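In what follows, a single structure is set out as structure tokens and then discussed.
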Amino acid sequence: MGDLHRLIVFDLDGTLVDSRRDLASAANALIRERGGEPLPEDAIGRMVGDGAAMLVRRALTAAGLPVDAASLPRFLELYDDRLLDTTLAYEGIPQALSLLAGDGTIAVLTNKPLAPSQRILDGLGLSGLIAKTIGGDSDFPRKPDPSSLRHLMDAFGAAPRSTALVGDSWVDYETARGAGAAICLARYGFGYHGVDAARLDGAEAIVDRADEIPSAVRRLLADT
């Protein structure tokens with residue numbers, strides 16, 4: 001899969017796939033079961049990025065409902081029933097992955113649990129170009145802790161300067177910076193609202209469409 005000393009790592013939700021409607025549907029189903037009023041889809045989209053447990057906590061709290069030990073398992077059951085109802089790869093993502101597969105190894109690093117992540121990638125036909133996926137229920141701390149990204153570097157023989165992380169959120173930005181990797185931010189993703197533009201240093205790439213990702217990543221890794 002190309003030059004194994006280059007590593008291109010993608011976030012999942014808000015970067016590779018638009019899963020906001022299905023996540024919101026599952027969260028609102030949980031809220032309704034608990035007797036609450038559903039939240040706007042955009043509001044739930046802004047809660048995504050730190051893993052399912054945090055999404056559940058944020059959604060129930062916003063709805064004025066308590067969080068208990070059954071909340072997360074029930075949400076995961078509800079989400080499992082909706083996983084691919086409306087979730088799609090962003091326009092241009094399959095082509096971007098195909099182009100970048102010739103440049104290096106492609107991996108996915110997400111705070112979503114591995115099983116649903118893999119089902120989405122398989123269901124949308126994206127798995128064939130992805131060498132490894134690490135989910136939020138792995139043995140590593142979730143992003144923005146850089147341990148999982150460093151593990152991917154070690155696994156595929158990539159130095160930090162030969163690694164780029166493509167994501168849509170400040171969590172992804174901090175993960176890349178913590179590991180010494182380059183960062184490409186997807187402004188089209190639903191996690192970009194939390195990016196603090198004042199803290200960007202100009203070394204990152206920012207794209208507005210998925211079809212801009214290959215050229216942006218190639219610029220970031222041009223000297224490797």
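General remarks:
- Condition check for Ala89: under 22 Å from Tyr188 (Cα atoms), under 14 Å from the mean Cα position of the chain (by Cα) and open to solvent by 20 Å² or more (accessible area, probe 1.4 Å): yes
- Considering the stretch 16-36, and only residues there that are of a type in the set (D, E, K, R) and over 28 Å from Val207 (Cα atoms), the residue that is least open to solvent (accessible area, probe 1.4 Å) turns out to be Arg34.
- Any hit, the stretch 67-84, residues being closer than 17 Å to Leu12 by Cβ, in contact with a Lys or Arg (Cβ under 8 Å, 6 or more places away or on another chain) and either surrounded by fewer than 18 Cβ atoms within 10 Å (Cβ to Cβ) or in contact (Cβ under 8 Å) with a residue 40 or more places away in the chain (or both): yes
- Residue within the stretch 158-170 that is under 28 Å from Leu55 (Cβ atoms) and surrounded by fewer than 21 Cβ atoms within 10 Å (Cβ to Cβ) present: yes
- Those residues of the stretch 121-157 which are open to solvent by 20 Å² or more (accessible area, probe 1.4 Å), assigned to a loop (DSSP other than H, G, I, E, B) and either over 18 Å from Ile8 (Cα atoms) or without any contact (Cβ under 8 Å) to a residue 24 or more places away in the chain (or both), in sequence order: Leu124, Gly125, Asp137, Ser138, Asp139, Phe140, Pro141, Arg142
- Residue check, Arg58 over 15 Å from the mean Cα position of the chain (by Cα), in a helix (DSSP H, G or I), over 23 Å from Leu121 (Cα atoms) and modelled with pLDDT of 95 or more: yes
- Lone unmet requirement of (1) out of contact with any strand residue (DSSP E or B) (no Cβ under 8 Å at 6 or more places or on another chain); (2) closer than 21 Å to Leu126 by Cβ; (3) not hydrophobic (A, V, I, L, M, F, W, C) for Asp68: (2)
The values are calculated or read from the model by the stated rules, or taken from the named source; none is laboratory data. Note that the coordinates shown come from a computational prediction; the quantities given were computed from them, not determined experimentally. Neighbour counts run over all protein chains shown; Cβ positions are idealised from the backbone, glycine included. For the accessible areas, the whole protein counts, side chains as well, though only heavy atoms, and no ligand, DNA or RNA atoms are used. Shrake-Rupley method; radii C 1.70, N 1.55, O 1.52, S 1.80 Å.
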